[in-house]
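Below is one structure, written out as structure tokens; the observations come after it.
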Amino acid sequence: MKLGDIAQRLNCTLQGDETLDITGVAGMEHAKPSELTFLSNPKYAPKAKKTQAGAMLVQEPIPALNISFLLSKNPYHDFARALELFYQPPRPAPGIHPTAVIASTATVGDNASIGAYAVIGDHCNIGHNAVIHPHVVIYPHVTIGDDFLAHANSVVREYCRIGHRVILQNGVIIGGDGYGFAKTREGTHYKIPQSGITILEDDVEIQTLTSIDRASIGETRVKRGAKIDSLVQVGHGCVVGEDNIICSQTGLAGSTILEKNVLLAGQVGISGHLTIHDNVVVYAQSGVGHDVPAGSVISGSPAYEAKTWLRTLPIMPRLPELLKTIRDLERRVNELEKQDTPE
């Protein structure tokens, strides 16, 4: 594809050779002279000067680099759009595999592709253009919107509701039972029926091996545009807000509320029954046990303001030494006080 055509498709300003043939897209360190790369973070500019790429998506040209540039207000976003020009994942042809089992009371919209050994239960309603890969199981009474994509071995449990353009990667469980037990007088654990549902709104994507539990009563809800990484558990009755990013190995205990644009880095633990307000960033491996005000950036376990946490990090390994110093000073002060006390 000519670089000029790419610039036009991306609505970028071209500075350089519009006739350059671009065969693909790659990272700066691996790009070849026939490939397009990108620079979105200025701190990586020194690496950019060593690239072999034929062209680069940037906000501003790099004077020391003798290649073509596509000037973009958002190079990372346009890099993703450029990838789509060269790669589209294979889409199975419309049709129902002979081994798929679809209940007679289920409704599946036009242009659907249903893979081998997929199961769609009674009274399900699935919209147009669904792609349901092999061994997907959709329990009875599920409602799903248009352009649904479910990869192999994902499961949607009974009565759950899913919006438009939702993607479930391999092994995702939507609406599994929440973890709820009542202790009896005898000390045994009595299972609390998980009578609620799980709702995924439009444009949600759930990565591999993640579980979004159904509520004991009411609903668990993942709001529009949220993206949840692999190996995450969202407990029963939680709310994941619009455009949230939740990274791998994070766990939300029951009744956690995340408002808009919250970012939870990897291995964050949330104790539940709390609210993390808009635009909060939680650093990796943090433990959150309290409400968090809007716009906060927190870290640590228990989590607190990230700038303070960063200042305390160098001190932590020295705490035993500092404690010994304090105790020595206390001992010396006590000795001096005894010397100064008249008999």
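Amide H contacts of V292: T275, I276, H277, each under 5 Å away and 5 or more positions distant or on a separate chain (H built 1.01 Å from N in the peptide plane; Pro and chain starts excluded). Once the Cβ-Cβ distance of Y44 and N74 is raised to the sixth power relative to R0 = 22 Å, the FRET efficiency obtained is 0.90.
Model label points for D243 and E158, set 7 angstrom from Cα along the Cα-to-Cβ axis, are 3.8 nm apart.
Which net charge results when you count Lys and Arg as +1 and Asp and Glu as -1 among the other residues whose beta-carbon is under 13 Å from that of Y87? Here the count lands on 0. Rounded to the nearest 0.05, what FRET efficiency do V297 and L323 have when you use their Cβ-Cβ distance and R0 = 35 Å? The calculated FRET efficiency here is 0.75.
Here's how it looks for M56: its modeled amide H is under 5 Å from those of T37, S68, F69, L70, which are all 5 or more places away or on a different chain.
Its Cα centre serving as origin, the range 194-328 has a Cβ charge dipole (Lys and Arg +1, Asp and Glu -1) of approximately 540 debye.
Using Cα pairs closer than 8 Å and at least 6 residues apart in sequence, work out the relative contact order for the chain, in percent. Could the numbers behind the result be given before it?
Numbers: 936 pairs, mean separation 20.8, N = 343.
Computed value for the chain: 6 percent relative contact order.
For a straight C-alpha distance cut-off of 24 angstrom, the lysines reachable from K307 (same-chain residues fewer than eight places away being disregarded) are K43, K260.
Express in nm, to one decimal, how much length is gained between E18 and T107 on full extension, taking 0.36 nm for each residue of separation and deducting their alpha carbon distance. Could you put the intermediate results ahead of the total?
On the way: separation 89, 0.36 × 89 = 32.04 nm, distance 4.95 nm.
Extra length from E18 to T107 when fully extended: 27.1 nm.
Label sites at K307 and T99, each approximated as a point 7 angstrom past Cα along Cα to Cβ, lie 6.0 nm apart. Taking other residues whose beta carbon is less than 15 angstrom from the beta carbon of G225, and scoring Lys, Arg as +1 and Asp, Glu as -1, yields -4. Cross-link check: pairs K2/K47; K50/K227; K50/K73 evaluated at a Cα-Cα cut-off of 31 Å; pairs beyond the cut-off: K50/K227.
So if we plug the beta-carbon distance of E186 and H290 into 1/(1 + (r/R0)^6) with R0 = 41 Å, what FRET efficiency do we get, rounded to 0.05?
Details: r = 35 Å, r/R0 = 0.84.
Given R0 = 41 Å and the Cβ-Cβ separation, E is 0.75.
Applying 0.36 nm per residue to the separation of K2 and N279 and subtracting their alpha-carbon distance, the gain on full extension is 95.7 nm.
Values quoted throughout were computed directly from the atomic coordinates according to the rules given, and no laboratory measurement underlies them. Quick caveat, the model's predicted, so the values are computed rather than measured. Don't worry about glycine lacking a Cβ; one is built from the backbone with ideal geometry, like all the others, and counts go over all protein chains shown.
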